[in-house]
Amino acid sequence: MITQALFRALDKKAIWLVAILLLVAVAVPASNLLLPVDSPFRLPNYAVPLFGKYLTFAMLALALDLVWGYCGILSLGHGAFFAIGGYAMGMYLMRQIGTRGVYANPILPDFMVFLNWKELPWYWYGMDNFWFAMLMVVVVPGLLAFIFGFLAFRSRVTGVYLSIITQAMTYALLLAFFRNDMGFGGNNGLTDFKDILGQSISAPSTRAALFAASAIALALAVLACSAIVNSKLGKVMVAVRDAESRTRFLGYRVEYVKLFAFVVSAIIAGIAGALYVPQVGIINPSEFEPANSIEVVIWTAVGGRGTIIGPIIGGVLVNVGKSYFTGAFPEYWLFALGALFVVTTLFLPKGIVGLIGQYRAATTKREQHDRDAPTPMQVEAGADPQPKPAE
Amino acid sequence: MSEAREKLGTMLYLDGVSVAFDGFKAINNLSIIVHPAEMLAIIGPNGAGKTTMMDIITGKTRPDDGQVLFDGRTDLTKLDEAAIANLGIGRKFQKPTVFESHTVWDNIEMALKKPRGIFATLFYTADDEDIARITEILETVRLLARKDDYAANLSHGQKQWLEIGMLLAQDPKLLLVDEPVAGMTDAETVETAKLLKDIAKTRSVVVVEHDMSFVRELGSRVTCLAEGAVLAEGSLDQVSANPVVIERYLGR
């Protein structure tokens with residue numbers, strides 16, 4: 001059963017995408033670690049976590065695309081699941097600091113000592129175990145999505161109303177995580193990480209491994225999403241997107257279909273966040289900002305929603321553009337982003353990927369037209385292939 | 001006692017059903033009975049409550065009052081759309097609503113009577129029996145040649161037929177068909193009547209229609225609704241000879 005589902009996931013495009021990602025997972029670390037420092041093909045040290053960050057953003061966009069592009073749920077709060085996954089990883093990394101913190105407390109992270117806390121809050125228990133923290137990376141975003149989605153979808157909150165409450169959700173979390181009393185480092189968040197799995201977090205080999213892990217995680221997410229959207233459930237998701245009430249009259253429980261997509265998507269977003277944090281070295285409440293979640297929507301739209309590869313292209317390209325722009329003309333980045341969204345909405349409804357489809361459709365149409373065009377004989381016989389333009 | 005027996009033998013039993021929207025009584029003390037393997041044609045002027053009646057039966061609208069029973073015992077007013085669909089009530093909408101970004105084949109496959117659970121759907125693979133069944137349905141509705149086309153590219157009449165095919169795939173006990181021949185050519189209309197009559201040999205069918213020649217073609221029992229209540233019942237000849245029906249609906 002599951003093998004069949006996996007087999008179905010491997011359509012030609014997905015195979016190519018996974019192959020490219022695996023190649024990248026090997027090539028980028030190899031180029032950084034193995035090539036001599038003066039080689040023109042060697043990636044500099046700073047580039048590896050930067051590219052790794054792009055991959056985690058691509059994964060977040062893919063997660064959003066699963067609910068938005070395929071199921072019609074425009075979530076404007078997906079950054080929240082990303083941030084929660086990131087916080088779970090951050091908690092693990094904080095516990096690895098141990099006595100190397102400023103206050104050298106073996107158990108309490110610095111900010112807790114600073115706040116005069118005497119013992120670890122209960123929700124920090126177990127987070128020093130890597131496996132437990134990784135479990136939480138999956139469970140907490142999944143659970144939040146489950147509860148939120150269950151309530152929202154059962155009450156049939158759809159369209160713009162759903163978008164608004166997802167936005168409210170991430171904003172509420174933003175405010176909550178800003179509070180020092182929450183026990184997540186307040187305004188400053190979690191940072192000053194030292195080790196991950198006993199390896200120095202800033203060592204080039206660790207960064208290479210984190211990059212490879214990001215590429216592989218993205219490849220696995222591609223497989224999972226591809227398996228889902230190519231299944232009958234994926235077709236039902238698209239049916240829900242296009243004609244929700246009709247799907248209900250066919251006997252499908254639309255709320256459960258949406259809930260499934262939402263939870264899977266939140267888990268993928270959470271894993272992306274967990275890979276993001278060790279590569280950028282910090283997680284703070286700004287990740288919950290509504291604007292971040294809206295940016296993810298732009299990446300997805302620019303790349304092409306309703307496709308697997310689109311959000312990945314969008315997530316990487318827009319962020320490469322952002323890195324360049326914020327370096328070269330920092331004050332214009334938001335204008336560029338806004339313009340990009342407007343242009344995409346007006347001219348590229350299916351994003352960059354759709355552009356290829358549009359081009360292909362145009363060429364086949366032209367070919368077809370050439371084929372269907374009457375031979376000169378027919379024209380002579382009085383056939384008038386094309387209506388004369390009005391004068 | 002006799003009332004209970006009366007309900008037991010029915011496929012659809014509406015008794016004293018009323019619903020009001022903002023004080024406007026869309027359905028007013030409506031009572032209708034459909035027996036197993038029977039076709040009922042419902043006619044009536046615009047705003048007579050025909051579509052609202054279908055909404056009530058399929059769980060989209062809750063009645064304020066009255067009884068709605070399926071198969072003589074299941075109270076439909078307590079169930080939602082998906083549960084009612086899974087009981088065996090299929091609905092074709094007035095405006096053909098097929099899934100346009102799916103192929104003709106996939107439209108039928110989604111409608112095919114199969115477990116509707118999330119994981120059953122996720123791991124579903126069509127077996128030979130399913131493929132044979134889908135092929136058979138597509139043959140019946142004459143869309144086999146277009147099975148790989150997107151539903152969006154079908155003509156209006158073909159979309160109507162695809163939706164009837166989806167109804168067949170659901171294998172319902174009761175079919176609610178809202179204006180099936182709107183936008184069809186005369187030849188298509190005749191074919192549709194034939195198809196529906198065929199279906200009604202084994203299932204109950206309720207057809208809402210304005211096209212009188214089509215209703216005549218169906219040759220079934222006719223109920224005329226007006227202002228949310230039954231105006232007249234009987235054969236088409238009886239109903240169309242009824243002076244009240246002539247005055248309120250047919251005119252002249």
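At most 12 other Cβ atoms within 10 Å plus a DSSP loop assignment makes a site exposed; report the longest stretch of chain A without any exposed chymotrypsin sites (Phe, Trp or Tyr not before Pro). Let's see the in-between values first.
Values: sites that count: A:41, A:46, A:103, A:125.
That gives A:126-391 as the longest site-free run.
For a quick check: sort A:331, B:188 by the number of other beta carbons within 10 angstrom, fewest at the front. List each step's numbers first, then the result.
Details: A:331 8, B:188 19.
Ordered by Cβ neighbours within 10 Å, fewest first: A:331, B:188.
Quick one: Karplus J couplings for the stretch B:97-104, per residue in order, coefficients 6.51, -1.76, 1.60, θ = phi - 60°, nearest Hz, x for Gly and Pro?
Once θ is set to phi - 60°, the couplings for the stretch B:97-104 become 10, 10, 8, 5, 8, 10, 6, 4 Hz.
I'd like the FRET efficiency for residue B:156 and residue A:358, computed as 1/(1 + (r/R0)^6) with the beta carbon distance as r and R0 of 35 Å, rounded to 0.05. Don't skip to the answer; put the middle values down first.
Working: r = 26 Å, r/R0 = 0.75.
Efficiency computed from Cβ-Cβ geometry: 0.85.
Can you check how the C-alpha radius of gyration of chain B compares to 2.2 N^0.38 Å, as a plain ratio?
Values: Rg = 18.4 Å, N = 252, 2.2 N^0.38 = 18.0 Å.
Scaled against compact globular proteins, the figure is 1.02.
What per residue convex hull volume, in Å³, do the alpha-carbon atoms of the stretch A:153-229 yield?
On the way: hull volume 13.5 nm³, N = 77.
Output value, Cα hull per residue: 175 Å³.
What number do you get for the stretch B:187-247 when its Cα radius of gyration is normalised by 2.2 N^0.38 Å, N = residues? Don't skip to the end; give the middle numbers.
Values: Rg = 12.3 Å, N = 61, 2.2 N^0.38 = 10.5 Å.
In units of the 2.2 N^0.38 Å rule of thumb, it is 1.17.
Enter the angle in degrees (range 0 to 90, nearest 10) between the Cα long axis of helix A:12-34 and the first principal axis of the Cα atoms of chain A, meaning the one along which they spread out most.
In chain A, helix A:12-34 runs at an angle near 40 degrees to the longest axis.
Would you mind computing, in nm to one decimal, how far apart the modelled labels at residue B:186 and residue A:123 are, each placed 7 Å from Cα along Cα→Cβ?
That separation, rounded to one decimal, is 7.3 nm.
Can you pull out the trypsin sites (Lys or Arg not before Pro) in the stretch B:1-97 whose DSSP state is coil and whose Cβ has at most 11 other Cβ atoms within 10 Å? If you can, show how the numbers build up before the last one.
Numbers: sites: B:5, B:7, B:25, B:50, B:60, B:73, B:78, B:91, B:92; in loops: B:60, B:73.
Listed in order of number, the matching sites are B:73.
Which three numbers, in whole Å and largest first, are the semi-axes of the equivalent ellipsoid of the stretch A:1-128 derived from its Cα gyration tensor as √(5λ)? It would help to have the intermediate numbers written out before the result.
Values: eigenvalues 255, 137, 40 Å².
The answer is 36, 26, 14 Å, longest axis first.
Can you pull the percent of Cα pairs in the protein assembly as shown with separation above 41 Å?
Numbers: 87521 of 206403 pairs.
Pairs farther apart than 41 Å: 42 percent.
When Lys and Arg each count +1 and Asp and Glu each count -1, what net charge do the other residues less than 15 Å away from residue B:147, Cβ to Cβ, add up to?
On the way: positive: A:235, B:133, B:142, B:146, B:159; negative: B:106, B:109, B:130, B:136, B:139, B:148, B:149.
Net charge around residue B:147: -2.
Would you mind checking the tilt of helix B:186-199 against the longest principal axis of the Cα atoms of chain B, expressed as 0 to 90 degrees and rounded to 10?
Taking Cα atoms only, the helix is inclined about 90 degrees.
What percent do you get for the relative contact order of the stretch A:10-294 when only Cα pairs under 8 Å and 6+ apart count? Don't skip to the answer; put the middle values down first.
Working: 440 pairs, mean separation 115.1, N = 285.
Relative contact order, the stretch A:10-294: 40 percent.
Taking neighbour Cβ counts within 10 Å as the exposure measure, how do B:164, A:352 sort from fewest upward? Working shown, then result.
On the way: B:164 23, A:352 18.
So the ranking, lowest neighbour count to highest, is A:352, B:164.
Hey, which of these cross-link pairs are over 28 Å Cα-Cα: B:114/B:147; B:50/B:147; B:25/B:114; A:12/A:322; A:232/B:201; B:113/B:147? The partial results should precede the final answer.
Working: B:114/B:147 20 Å; B:50/B:147 33 Å; B:25/B:114 38 Å; A:12/A:322 31 Å; A:232/B:201 31 Å; B:113/B:147 19 Å.
Going by Cα-Cα distance, B:50/B:147; B:25/B:114; A:12/A:322; A:232/B:201 fall outside the 28 Å limit.
Semi-axes of the stretch A:10-294's equivalent ellipsoid from the Cα gyration tensor, sqrt of 5 times each eigenvalue, largest first, rounded to whole Å? Intermediate values should be presented prior to the final figure.
Details: eigenvalues 225, 141, 37 Å².
Taking √(5λ) for each eigenvalue gives 34, 27, 14 Å, largest first.
In the stretch A:147-297, how does Rg compare with the Kirkwood Rh, expressed as the Rg/Rh ratio over alpha carbon atoms? Could the numbers behind the result be given before it?
Values: Rg = 18.7 Å, Rh = 17.9 Å.
Radius of gyration relative to Kirkwood radius: 1.04.
Please report Rg (one decimal) and Dmax (integer) in Å for the Cα set of the stretch B:112-249.
For the stretch B:112-249, the Cα radius of gyration and maximum Cα-Cα distance read 17.9, 58 Å.
At a 10 Å Cβ-Cβ cut-off, how would you order A:78, B:156, B:102, fewest neighbours first?
On the way: A:78 31, B:156 13, B:102 20.
Ordered by Cβ neighbours within 10 Å, fewest first: B:156, B:102, A:78.
If one takes the longest principal axis of the Cα atoms in chain A, at what angle in degrees, from 0 to 90 and to the nearest 10, does the Cα axis of helix A:351-372 lie?
The answer is roughly 10 degrees.
Any chance you could list the semi-axes, whole Å, largest first, of the equivalent ellipsoid that the Cα gyration tensor gives for the stretch A:61-140, using √(5λ)?
Working: eigenvalues 219, 30, 20 Å².
The three semi-axes for the stretch A:61-140 are 33, 12, 10 Å.
Specify whether the C-alpha gyration tensor of the stretch B:49-115 places it in the rounded, prolate or oblate class, a ≥ b ≥ c being the square roots of the eigenvalues: rounded for a/c under 1.5, otherwise prolate if a/b is larger than b/c and oblate if not. Working shown, then result.
On the way: a/c = 3.11, a/b = 1.70, b/c = 1.83.
Oblate is the answer for the stretch B:49-115, as a/c is 1.5 or above yet b/c matches or exceeds a/b.
Please give the FRET efficiency for residue A:37 paired with residue A:150, using the beta carbon to beta carbon distance and R0 = 56 Å, rounded to the nearest 0.05. Before the final figure, lay out the partial values.
Working: r = 54 Å, r/R0 = 0.96.
Once rounded, the FRET efficiency stands at 0.55.
For the stretch A:59-75, just list the computed ³J(HN,Hα) in residue order, Karplus coefficients 6.51, -1.76 and 1.60, θ = phi - 60°, integers in Hz, with x standing in for Gly and Pro.
So the Karplus estimates, Gly and Pro as x, are 5, 5, 5, 4, 4, 5, 4, 4, 8, 8, x, 9, 10, x, 9, 7, 7 Hz.
Explain nothing, just the number: relative contact order of chain B, from Cα pairs under 8 Å at least 6 residues apart, as a whole percent.
Value for chain B: 27 percent.
How large is the helix-only mean residue ellipticity at 222 nm for the protein assembly as shown, computed as the sum of -39500 (n - 2.57) over DSSP H runs with n ≥ 4, divided by its residue count, in deg cm²/dmol to the nearest 500?
Working: 26 runs with 360 residues, N = 643.
Helix contribution divided over all residues of the protein assembly as shown: -18000 deg cm²/dmol.
According to the square roots a ≥ b ≥ c of the eigenvalues of the Cα gyration tensor, what is the shape class of the stretch A:277-342, taking rounded for a/c under 1.5, prolate for a/b larger than b/c otherwise, and oblate for the remainder? Please list the in-between numbers first.
Numbers: a/c = 1.56, a/b = 1.14, b/c = 1.36.
Here the stretch A:277-342 falls in the oblate category.
Counting just the Cα atoms, what span does the stretch A:89-206 cover along each of its three principal axes? Round to the nearest Å and put the largest first.
Principal extents (Cα only, largest first): 51, 34, 25 Å.
Every number here is computed from the coordinates shown, using simple stated rules; none is lab data. Since this is a predicted model, take the numbers as computed values, not measurements. No Cβ is skipped: glycine too gets one built from the backbone with ideal geometry, and neighbour counts run over all protein chains shown.
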